Amino acid sequence: MPRQKILIIDDEKEINDLIRSYIIKEDYLAFSAYDGKRALALVEEENPDLIILDVMLPDIDGTHLSLQIRAKTNAPILFLSCKGEEIDKIIALSAGGDDYMTKPFMPGELIARIKAHLRRRQSSQYGSSELEEAKMYNFPGLSVNMQTREVFADGVSANLTAKEFDILTLLLGNPKRIFTVDQIFEHAWKLNSLEGDSRTVMVYISTLRKKIESNPANPKYILSVRGVGYKFNHNLFNDKK
C-alpha cells in the first residue's frame, strides 16, 4: 500500500520541521509549505491524504485558505492555532476544517488524531458498510448516494465535507436511534470525546443543516432531542412506503 501523504502548512519553520519529524517517524510522507500560495500548489501536485493547517499565515488567513483547499480536495484538514477561544474553533470548523488543536500541543495527541482521520478516510474510500448496501437514499428534497458519497438537496450538490457526510450517514443509518454528541464525535472522529468536543459536533450539525435543510431553523431531516442529542427523522422512511 502506498505511503500516505501529509501536508504541513505553517509559516513557523521550527514548528513545521518538528511536526514533519513526528510524521516521518510514523512512516508517512511529509510535505511542507510556509505560505498559502505554496500550499495550494502542493495540494494540486501531491494530492495529500491529510492537511495540517496553521490558522495564521503570512499571505492569507488559514480559514480562507481552508475554503480554497476544500474546493480542491476532501482530505481531512486539521487546524493548529494558538487561538483557543470557542469562536475561533467555530470559524475554523465552519470553513471546512475537520479538527482543531491549540498550540502548544502534545505530539502523542497530534499523531493519534492524524491516525484517526486517516483510518476514517481510508475506510470511507475502500471499506464497505451496511449502509452501502442500500447504495442510494431518496427523500423529498434530499438524495444520498452511499457509493459516491454525494448528497443533493433539492437537486443541488450539498458539497458535504467528509465529517459532515459521516455524521449524516450515522444518523441516516439508524433512524430510530438518538445519538448523544459524544457518540457522534467518537463515531466521526474515531477518538474519545473530551471536554469541548460537544461544541464541535454542534457546529457540524448546524453547518450540515444549512447545507441540506430548506429551513435550518425548523429542520425536517436532522432532529434535535432536547437534553439528549440528535436523530434522523424516521417518519421520512414511512413516507417512502
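Relative to the longest principal axis of the Cα atoms of the chain, the long axis of helix 13-25 lies at roughly 70 degrees.
Within the stretch 1-146, antiparallel bridges make up roughly 25 percent of the DSSP beta bridges whose residues both belong there. The Cα center of the stretch 74-126 and the Cα center of the stretch 139-193 differ in position by 18 Å. Relative to the dominant Cα principal axis of the chain, helix 197-212 is inclined by about 60°. The GluC sites (Glu not before Pro) of the stretch 1-105 that meet both conditions, a loop assignment by DSSP and at most 11 other Cβ atoms within 10 Å of the site Cβ, are GLU85. The loop-placed chymotrypsin sites (Phe, Trp or Tyr not before Pro) in the stretch 41-113, going by DSSP, include none that has at most 12 neighbouring Cβ atoms within 10 Å of its Cβ. Relative protection proxy for 220-227, 36-43, 202-209, from highest mean packing down: 202-209, 36-43, 220-227 (other beta-carbon atoms within 10 angstrom).
Just so you know, all these numbers are worked out from the coordinates, no wet-lab data involved. Remember, predicted model here, so these are calculated numbers, not experimental data. Don't worry about glycine lacking a Cβ; one is built from the backbone with ideal geometry, like all the others, and counts go over all protein chains shown.
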